[in-house]
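Asks: Below are the structure tokens for one structure; questions will follow.
The values are calculated or read from the model by the stated rules, or taken from the named source; none is laboratory data. Quick caveat: nothing in here was measured; it's all calculated off a predicted structure. For neighbour counting, all protein chains shown are included, and Cβ atoms are generated from backbone atoms with ideal geometry for every residue, glycine included.
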Amino acid sequence: MPELPEVETVRRGLIPAMEGARIVRVTAHRGDLRFPLQQDFAARLDGRKVTGLGRRAKYLLADLDSGDVLLMHLGMSGSFRVMLDGHGKTPGAFHHRRNESRTHDHVVFEMENGAVIAFNDPRRFGYMKIVARADLEGEAFLKALGPEPLGNAFDAAMLAQACKGKKTSLKAALLDQRVVAGLGNIYVCEALFRSRLSPKRQASTLANRSGAPTEHAVRLVSAIRTVLNAAIEAGGSSLRDHRQTSGELGYFQHSFQVYDREGEPCRTRGCRGTVKRFTQNGRSTFWCPSCQK
DNA sequence: CCGCGGGCCTGAGAGC
DNA sequence: TGCTCTCAGGCCCGCG
């Protein structure tokens, strides 16, 4: 499910219920997520106040008044649901029929303010881990991550440098979280389309001989930023699992230009092309071969 | 370093 | 109705 825009949408949805609030009780209905929950997971959270809720790439980071940080990853199908009165009666939350089952609510947080926050993840590729803040820098999950695509450190020069000499495809390079952290299959496809670059292009072509960024790199950085910001604005993309914490759908899927549009006409004005799909590094790539070079 | 395949899981949808 | 097959917003590991 979640790439950066979906995780950011979740973060924003959790803030009113979580930030500054105290956890009264944590219930782990099952601890066998992608990685097993720590033995003392609930004990380290019970009674703690959440002092801040941040995000690093696709990870949510809840700062606790104990000096611990709760690190959360949504995997493919993870979502959070906030029930402000504890009974799911969030206003406007019941306009949809799917995914109402609470059978995959694996971890439930009850807050002092009355909010109940449920982590739901049918496929259990998501996970949570508590790390002492002092150890966060050395945390393996975070250590190798590249820059935030919406942050200042991410620009054409940096991207060109990271791709310099890379024989791999542009698609693969952008999915590599060490190059830039937060993109996934959807937004890589969309950003490549918007920058008119072929997913098959060799990643090294973002840099010239001296390692300086080409115009392609400039275009790509700009497209990545634009598409991520627009997707956040839309509450993310809801294809199967993603929900905002209120239960409402994101709606950026309506703005897809190529993702999930195999066989449909290219939306570029004047282009007679058709959106194609092929498999790259084991994942579907959607693109318009007439627009993207 | 690179690409590839397999694995971790469940559920939706298509086709028969 | 139900079976089987494919596929899915992530990411890790091991192989050649």
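Asks: Being polar (S, T, N, Q), surrounded by fewer than 18 Cβ atoms within 10 Å (Cβ to Cβ) and within 11 Å of DNA strand B (Cβ to nearest atom) is the filter here; which residues of segment A:156-183 pass it?
Replies: A:T168
Asks: Taking the condition in a helix (DSSP H, G or I), surrounded by fewer than 16 Cβ atoms within 10 Å (Cβ to Cβ), touching a helix residue (DSSP H, G or I) at 6+ places or on another chain (Cβ under 8 Å) and in the same structural domain as A:R283 (by TED's automatic domain parsing), does A:T205 pass?
Replies: no
Asks: Now for a separate question. In this structure, is A:T51 assigned by TED's automatic domain parsing to the domain that holds A:G75, among the hydroxyl-bearing types (S, T, Y) and surrounded by 19 or more Cβ atoms within 10 Å (Cβ to Cβ)?
Replies: No, not satisfied.
Asks: Among the strands (runs of 3 or more DSSP E) confined wholly to segment A:5-83, which include 1 or more residues that are within 16 Å of DNA strand C (Cβ to nearest atom) and within 20 Å of A:R243 (Cα to Cα)?
Replies: A:50-56, A:59-64, A:68-73, A:79-83
Asks: Residue by residue through segment A:260-292, note down the ones that are touching a strand residue (DSSP E or B) at 6+ places or on another chain (Cβ under 9 Å), away from DNA strand B (no atom under 16 Å from the Cβ) and in a loop (DSSP other than H, G, I, E, B).
Replies: Within segment A:260-292, A:C266, A:C271, A:R272, A:G273, A:V275, A:C288, A:P289, A:S290 qualify.
Asks: Then there is this: Kindly check whether there is at least one residue in segment A:205-212 that is within 16 Å of A:L175 (Cβ to Cβ), in contact with a strand residue (DSSP E or B) (Cβ under 6 Å, 6 or more places away or on another chain) and within 16 Å of DNA strand B (Cβ to nearest atom).
Replies: no
Yes or no, residue by residue, for (1) at pLDDT below 95; (2) assigned to a loop (DSSP other than H, G, I, E, B); (3) in the same structural domain as A:L84 (by TED's automatic domain parsing); (4) touching a helix residue (DSSP H, G or I) at 6+ places or on another chain (Cβ under 7 Å):
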position	(1), (2), (3), (4)
A:L174	no, no, no, yes
A:V179	no, yes, no, yes
A:G182	no, yes, no, yes
A:A223	no, no, no, yes
A:G235	no, yes, no, yes
A:R240	yes, yes, no, no
A:Q244	yes, yes, no, yes
A:G247	yes, yes, no, no
A:H254	no, no, no, no
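Asks: Just checking, does segment A:92-108 include any residue being at pLDDT 95 or above and away from DNA strand B (no atom under 15 Å from the Cβ)?
Replies: Within segment A:92-108, one or more residues are at pLDDT 95 or above and away from DNA strand B (no atom under 15 Å from the Cβ).
Asks: Go through A:I186, A:I130 for me and flag whichever is over 26 Å from A:E262 (Cβ atoms) and surrounded by 18 or more Cβ atoms within 10 Å (Cβ to Cβ).
Replies: A:I130
Asks: Restricting attention to segment A:77-85, does a residue exist that is modelled with pLDDT under 95 and surrounded by fewer than 19 Cβ atoms within 10 Å (Cβ to Cβ)?
Replies: yes
Asks: Shifting gears a bit: Can you confirm whether segment A:135-155 contains a residue that is surrounded by 15 or more Cβ atoms within 10 Å (Cβ to Cβ) and either without any contact (Cβ under 8 Å) to a residue 12 or more places away in the chain or of a type in the set (V, I, T) (or both)?
Replies: no
Asks: Separate question: With the structure loaded, tell me whether A:S210 is assigned to a loop (DSSP other than H, G, I, E, B), surrounded by fewer than 20 Cβ atoms within 10 Å (Cβ to Cβ), more than 17 Å from the chain's Cα centre (by Cα) and in the same structural domain as A:F256 (by TED's automatic domain parsing) or whether it fails that test.
Replies: yes
Asks: Among the residues in segment A:149-161, are any more than 15 Å from DNA strand C (Cβ to nearest atom), charged (D, E, K, R) and touching a strand residue (DSSP E or B) at 6+ places or on another chain (Cβ under 9 Å)?
Replies: The answer is yes, given that some residue of segment A:149-161 is more than 15 Å from DNA strand C (Cβ to nearest atom), charged (D, E, K, R) and touching a strand residue (DSSP E or B) at 6+ places or on another chain (Cβ under 9 Å).
Asks: Within segment A:223-238, can one find any residue that is over 18 Å from the mean Cα position of the chain (by Cα) and closer than 27 Å to A:Q161 by Cβ?
Replies: no
Asks: Contact list please: Cβ distance under 9 Å, first residue in segment A:270-284 and at positive phi and within 13 Å of DNA strand C (Cβ to nearest atom), second residue charged (D, E, K, R) and not in a strand (DSSP E or B), pairs at least six apart or on different chains.
Replies: The qualifying pairs are A:N281/A:K171.
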